[in-house]
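For reference, the structure is listed below as structure tokens.
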Amino acid sequence: MNITDWVKPGDKSGEFKRQQSVFRNWISREAGAQFPPEKGRYHLYVSYACPWGWRFVTPDEKLPGENTIPDPLHPEFTHLRQIYFSNDPDYTGRFTVPVLFDKKTKLIVSNESSEIIRMLYHEFDDILPEQYKKIDLFPDALQAEIEAYNEWIYNDINNGVYKSGFATTQEAYEKAVTTLFSSLDKVEAHLAKQQAASKPYFFGDEITEADIRLYTTIVRFDPVYVQHFKCNLRDIRSGFPALHRWVRRLYWDVPAFRDTTDFEHIKLHYTKSHKQINQFAITPVGPVPDILPQDEEVRAVQAAK
């Protein structure tokens, strides 16, 4: 199977089926843990573009993004796959980010984003400055609700755009895209209720894991998924007012979101690396701008007010 065969050859369903992550260890404060929290011990490989980050930049390339650099741990490595093969020469899966790497043992701790994010919540608390210990993105009182939303938001929205874009039959595409927009409508209704009560985020006044996991898909939706993955029943800026307010608040008001969002990486990566979708690797100019200011709307929305 070719690494770019997003649907397994011969699978007549035409449906994209995401592969399970293989490396599933944990950084833990428990006594005797294989990967204990230590300052400076771990390196996190990520991509500004999407989960399929394959190539490191070369020293002579000048690309946007503060951490768009050659591999600082393995200067001789040109591709992410070399890190996977350094741990398992017989590895046959996809080469995805994030990758949490242990510099001491030279082992991959994990390549499962949903688990890496939770390791970072509290396992390093003993060595963090006080102000960061107070941040709780997975509070006890909301854990059951966050898990319930994660279940279908991941399957229908985060993964739903890929199911739509990588489908190889009309039936598989229509099934995925219909589910995607039905679930976007559910999120829109939830956020509209929150905003009516003057609650800016997914679960009220504080940012939680639910905001972080949804943001990555929604901020890419108009620049990439609408055209590239044929998710074009509506776009976010004109079809989902509450979602649009929510994503702009995160982007413009919270530096951590804006500083880790790079639209050039996002647009070029998708359009230049999926030849089976975009044969000539043409990158669309729009939408302009990539994300609207908080006090501006598209003309259709302005006219409707």
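None of the figures in this text is laboratory data; all of them are computed from the coordinates on show. Keep in mind that what you see is a predicted model, and the values were worked out from it rather than measured. For neighbour counting, all protein chains shown are included, and Cβ atoms are generated from backbone atoms with ideal geometry for every residue, glycine included.
Things to note:
- The modelled label-to-label distance for the pair residue 212/residue 13, using points 7 Å beyond Cα in the direction of Cβ, is 3.1 nm.
- Nearest-0.05 FRET efficiency for residue 57 and residue 295, computed from C-beta distance (R0 41 Å): 0.70
- Whole-Å distance, taken between Cα centres, linking segment 226-285 and segment 166-209: 15 Å
- Histogram of C-alpha separations across segment 211-283, 5 Å bin width, %: 3, 15, 25, 23, 17, 10, 5, 1
- For volume of the Cα convex hull per residue in Å³, calculated from these coordinates, the label among (1) 305; (2) 193; (3) 160: (3)
- Take each peptide in 220-229, 130-139, count the other Cβ atoms within 10 Å of every residue, and average; sorted highest first, the result is 220-229, 130-139.
- Each listed q (0.14, 0.16, 0.25 Å⁻¹) maps to a log10 I(q)/I(0) for segment 38-116 from the Debye sum over equal C-alpha point scatterers, namely -0.45, -0.59, -1.43.
- Note on the chain: helix-only mean residue ellipticity at 222 nm, from DSSP H runs of 4+ residues weighted -39500 (n - 2.57) and normalised by residue number, equals -11000 deg cm²/dmol.
- Under 16 Å from a label point set 7 Å out along the Cα-to-Cβ vector of residue 125, the amide N atoms of segment 34-60 belong to 37-38.
- Shape annotation for segment 143-236: C-alpha extents along the principal axes are 42, 25, 18 Å, from largest to smallest.
- Distance in nm between pseudo-label sites at residue 138 and residue 277 (7 Å out along the Cβ direction from Cα): 2.9 nm
- Rel. contact order, % - alpha carbon contacts under 8 angstrom, at least six apart, the chain: 17 percent
- Under 25 Å from the Cα of residue 193 - lysines, other chains or at least 8 residues apart: 305
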